[in-house]
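The values are calculated or read from the model by the stated rules, or taken from the named source; none is laboratory data. Bear in mind that the values here come from a model prediction, so they are computed numbers and not experimental data. Positions of Cβ are generated from backbone atoms using ideal geometry, with glycine treated the same way; all protein chains shown enter the neighbour counts.
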Amino acid sequence: MIVSKEEIDSWESKYRSNFIKAVSGYKGVHLIGTKEKDGTSHLAICSSVVHISSEPARIGFIIKPFTTDGDTYAAILETGFYTLNHVHKSFLERAHATSVKLAAGESEFDSCNLKKEYVKEFQAPFVAESNIKIGLKLIADVKLVESDCHLIIGEVEFADAKEDCIEEDGRLDLEKAHDIYSADLNQYASAKKFVNLPDAIAEDLPNFTRKKRPDNVVFDEESQSYNAKALTYGTNIGAPSITSSNLSNWKSNGITTYNHVLKSKVQKIKEEYDLLVEEYKYNELLYHAKYEFEPIIGEVYHLYQKDNKDECFLSLIHPETWSKTHLGSFRLSSDKVWSKIEL
């Protein structure tokens, strides 16, 4: 399915927002910890953290300060310090709830039952439940002219990670840390590491056109796993061969059955169409009829033909009480559609 810019722009706002946030893929989820000079601490959930540089060690994130994270943005500018705390499965719901709007002076730490932690006299609070935490000093506040957002760039003052999550080459095992990822504001997924690949060097590039495995080896490229046991048919050389049987009778029965089903569906569509046409005709007749009152929803009204037979009129009078030509009885629904009823 290909959608153009014009189609995307025409979508309902919430639908468009969900699609665009998810189409860029999963992002890491963090809690930004800050503390105002008056002592009020804040937490804000964030899924826009990006690597800026390794030398010096700098990390950035996108914030929309004037509509969503005003307290966080103000505290960062006021103190110049903040923390980034990885979000894990064990406290995901509480982390998600930090997006709540609180009254002035209230803290997301308290409302979401997350424990504050201070490390090495660093001004901003950390989330004690997090296995990987970073303390940052504000370096730059870059306004993105294309939107109301700002890119906040911070220099890493120190990092705190569980030792068993740090691998020999310096990588972090985010699966072991139980990290959470986000596709949009409400959809989350867990990390699952499946391979480490070497650096790409031109002279060492493999021949990607050559088959990695023999044809008799069953391997699913999508899941990157050997899935012979999951298949409903034999895959090894000694397995019974798959042969085609005489399909003439099966096809003939299938065509007969399908024609019967299709004919039934066509007949049902025709009946629904006839009912719709009938409904349209008497609704048009009723809305052009003469009456000097506003019909009440749910009340039953009777349609009569005038003596000159050129006009109709609507009345509450039951057809058995006089000799006018009765054309039908109707009830008005809440969506202003007349439905015919049997007396």
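Quick notes
- If the condition is being outside any helix (DSSP H, G or I) and surrounded by 11 or more Cβ atoms within 10 Å (Cβ to Cβ), then region 277-289 contributes only 289.
- Candidate set from region 158-204 (those that are at pLDDT below 80 and of a type in the set (Lys, Arg)); member that is nearest to residue 55 (Cα to Cα): 193
- Flag if residue 62 is surrounded by 15 or more Cβ atoms within 10 Å (Cβ to Cβ) and more than 24 Å from residue 119 (Cα to Cα): yes
- The lone criterion from (1) under 22 Å from the mean Cα position of the chain (by Cα); (2) over 21 Å from residue 150 (Cα atoms) left unmet by residue 62 is number (2).
- Qualifying residue in region 85-101 (condition: exposed (fewer than 14 other Cβ atoms within 10 Å of the Cβ) and touching a helix residue (DSSP H, G or I) at 6+ places or on another chain (Cβ under 8 Å)): yes
- Residue in region 119-141 that is assigned by TED's automatic domain parsing to the domain that holds residue 76, of a type in the set (Gly, Ala, Ser) and at pLDDT below 90 present: no
- Scanning region 19-59 for residues that are assigned to a strand (DSSP E or B), more than 25 Å from the chain's Cα centre (by Cα), of a type in the set (D, E, K, R) and surrounded by fewer than 19 Cβ atoms within 10 Å (Cβ to Cβ) yields a single hit, 58.
- Of the residues screened, residue 47 is not one that is over 20 Å from residue 182 (Cβ atoms) and small (Gly, Ala, Ser).
- Screening region 65-178 for helices (runs of 4 or more DSSP H) wholly inside it with 2 or more residues that are of a type in the set (Asp, Glu) returns the ranges 70-79, 108-111.
- The set of residues in region 279-305 that are among the acidic types (Asp, Glu) and without any contact (Cβ under 8 Å) to a residue 40 or more places away in the chain comprises 284, 292, 294, 299.
- Matching option when the condition is out of contact with any Phe, Trp or Tyr (no Cβ under 9 Å at 6 or more places or on another chain) and of a type outside the set (Phe, Trp, Tyr), among 145, 127, 119: 145
- Considering residues of region 148-192 that are in contact (Cβ under 8 Å) with a residue 60 or more places away in the chain and of a type in the set (Gly, Ala, Ser) only, the residue nearest to residue 72 (Cα to Cα): 154
- Within region 170-190, the residues that satisfy the criterion of being under 25 Å from the mean Cα position of the chain (by Cα) and of a type in the set (Asp, Glu) are 175, 179, 184.
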